[in-house]
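Data first, discussion second: the structure below is written as structure tokens.
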Amino acid sequence: MSTQDETLWWIAIAAGIVVILVVVALLSLLIRYVKVIDRRVAGIRDTLHGTEANTADTALVPVTATRVDAVLAEGLQHHLFLGRVLGKVKS
Amino acid sequence: MTTTLVVLTVVDIALLIAGLAVYLFWVGGLLARVATNLEDCADTVRRINTHAEAIVPGVSHINRTGGVVAGALPLLYGMAEQIVVGATYSPPTEERPPARPASGTRRSRLHDAVGFGPR
């Protein structure tokens, strides 16, 4: 092997080490970003669990609507009763 | 010298491959965890959406019925007040005149007994 070939080989090895270092740096950066994403996604998940706990009782809304309908029906009964009694009291 | 170069080249390539493998394994684990969390988020959002579907029609129903009740309550208490006014005793406000006998002048029978008759 000639001296020039050896020199080129050394240059190739050095370039390979530089490439390895660049790859390590870029992959470390990538891992840092992915860790940030993971942490924020975990925060979103926890917030959504809290929101789900808050909205879990919305099943009571239709029940409340039914109860309010019952109040209205009872009020109509009172209206009928008062209408009958009012006629007798006035006469 | 050539052996050294070959060994260094092999070490170089092995380091590159090992580094890539380690980092990709690490990133893969992190991304798998992120995917699991995102799947959990999607399920939770779906459940929240299901919960929220009942809010708008239920609240509209309550609002409508509550409006009817609120509009009818003044009518009800107006009728109740009229009943109270009609059923409560109110004493007469004018002064009573002196009491007079209902039978008029009292007639005595003593005069009849002695044969006296007023003209």
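Observations, loosely collected:
- Any chance A:Thr47 is within 30 Å of B:Ala54 (Cβ to Cβ) and at pLDDT 95 or above: yes
- Within segment B:1-12, no residue that is facing chain A (nearest Cβ under 7 Å) sits with its Cβ atom under 6 Å from a residue that is among the hydroxyl-bearing types (Ser, Thr, Tyr) and surrounded by 12 or more Cβ atoms within 10 Å (Cβ to Cβ) at 6+ positions apart or across chains.
- Residue match in segment B:31-40 (condition: at pLDDT 95 or above and open to solvent by less than 40 Å² (accessible area, probe 1.4 Å)): yes
- Within segment A:1-18, the set of residues being of a type in the set (Val, Ile, Thr) and surrounded by 13 or more Cβ atoms within 10 Å (Cβ to Cβ) comprises A:Ile13, A:Ile17.
- Yes/no for B:Leu20 being over 30 Å from A:Asp38 (Cβ atoms), facing chain A (nearest Cβ under 9 Å), assigned to a helix (DSSP H, G or I) and free of Cβ contacts under 8 Å to residues at least 60 places away in the same chain: no
- Within segment A:43-64, if we keep just the residues that are among the β-branched types (Val, Ile, Thr) and facing another protein chain (nearest Cβ under 7 Å), the residue that is most open to solvent (accessible area, probe 1.4 Å) turns out to be A:Ile44.
- Being open to solvent by less than 50 Å² (accessible area, probe 1.4 Å), under 30 Å from A:Val41 (Cβ atoms) and among the small types (Gly, Ala, Ser) holds for only one residue in B:Gly78, B:Gly28, and it is B:Gly28.
- For the criterion of being in a helix (DSSP H, G or I), among the basic types (Lys, Arg), more than 9 Å from every other protein chain (Cβ to nearest Cβ) and surrounded by 12 or more Cβ atoms within 10 Å (Cβ to Cβ), A:Arg32 fails.
The values are calculated or read from the model by the stated rules, or taken from the named source; none is laboratory data. Values in this document were obtained by computation on a predicted structure and should not be read as measured data. All Cβ positions, even for glycine, are placed from backbone atoms using ideal geometry, and neighbour counts span all protein chains on display. Note: accessible area is taken over every heavy atom of the protein model, side chains too, but ligands, DNA and RNA are not part of it. Shrake-Rupley method; radii C 1.70, N 1.55, O 1.52, S 1.80 Å.
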